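Encoded as structure tokens, the structure appears first; notes follow it.
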Amino acid sequence: MTSKTRGIRVSEELESQIAREAEERGKTWSATTKELLEEAVRMRRAPGIVFVDGPSGRRAVIAGSGIDVWEVIAAFKHGDEDYGELRKNYDWLDETQIRAALSYYEQFPTEIDARQAREREWTPEKLRKELPFTAPLISRR
């Protein structure tokens, strides 16, 4: 991805808030501002999607649910992209939430596909090797 340098005017209060975010995350002001802008544009283009921190970094989540977009899309693909089946599998999500996830994927498929590929790498063997403490106690004997 090509990047361009641009000047931006921000209020002192906003500059201070971004500086605090940058310090908390151990990033530069510029990198933090870029991340915030990218997320803001994505949230504006896909209303109902927010970004949250987690063990695997920042990720797109359906607002009010805690469910990652990639999880819903994985279920959608697994169900042969049958919308009715998806609604049954996620019956606690409303129509707007489901459509937000589908819209986000339609606009940003590379991000979601890459996350799904990383998740598929977690085989039982890899899990036992890298996270042996997750094995049931009975099998540790």
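Quick notes
- In the stretch 40-55, the residues that are on the phi > 0 side of the Ramachandran plot form Cβ pairs under 6 Å with partners that are of a type in the set (Gly, Ala, Ser), at six or more places apart or across chains, as follows: 48/63; 48/100.
- Residues of the stretch 86-141 satisfying the condition of being without any contact (Cβ under 8 Å) to a residue 40 or more places away in the chain, of a type in the set (S, T, N, Q) and surrounded by 12 or more Cβ atoms within 10 Å (Cβ to Cβ): 89
- For the stretch 69-124, a residue qualifies if it is under 12 Å from residue 46 (Cβ atoms) and among the polar types (S, T, N, Q), and the qualifying residues are 96, 97, 103, 107.
For every residue, the table says whether it meets (1) touching a helix residue (DSSP H, G or I) at 6+ places or on another chain (Cβ under 7 Å); (2) assigned by TED's automatic domain parsing to the domain that holds residue 113.
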{"site": "40", "(1), (2)": "no, no"}
{"site": "57", "(1), (2)": "no, yes"}
{"site": "66", "(1), (2)": "no, yes"}
{"site": "69", "(1), (2)": "yes, yes"}
{"site": "72", "(1), (2)": "yes, yes"}
{"site": "75", "(1), (2)": "yes, yes"}
{"site": "79", "(1), (2)": "yes, yes"}
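- Hits in the stretch 105-141 (condition: polar (S, T, N, Q) and modelled with pLDDT under 80): 123, 134, 139
- Top-ranked residue of the stretch 60-85 - restricted to ones that are of a type in the set (D, E, K, R) and either surrounded by fewer than 17 Cβ atoms within 10 Å (Cβ to Cβ) or in a loop (DSSP other than H, G, I, E, B) (or both), ranked as nearest to the chain's Cα centre (by Cα): 77
- Looking only at the stretch 9-59, residues that are among the charged types (D, E, K, R) and in a strand (DSSP E or B) come to 1 in all.
The values are calculated or read from the model by the stated rules, or taken from the named source; none is laboratory data. Quantities reported herein were computed from a predicted structural model and do not represent experimental measurements. Quick reminder, even Gly has a Cβ in these numbers, built from the backbone with ideal geometry, and neighbours come from all protein chains shown.
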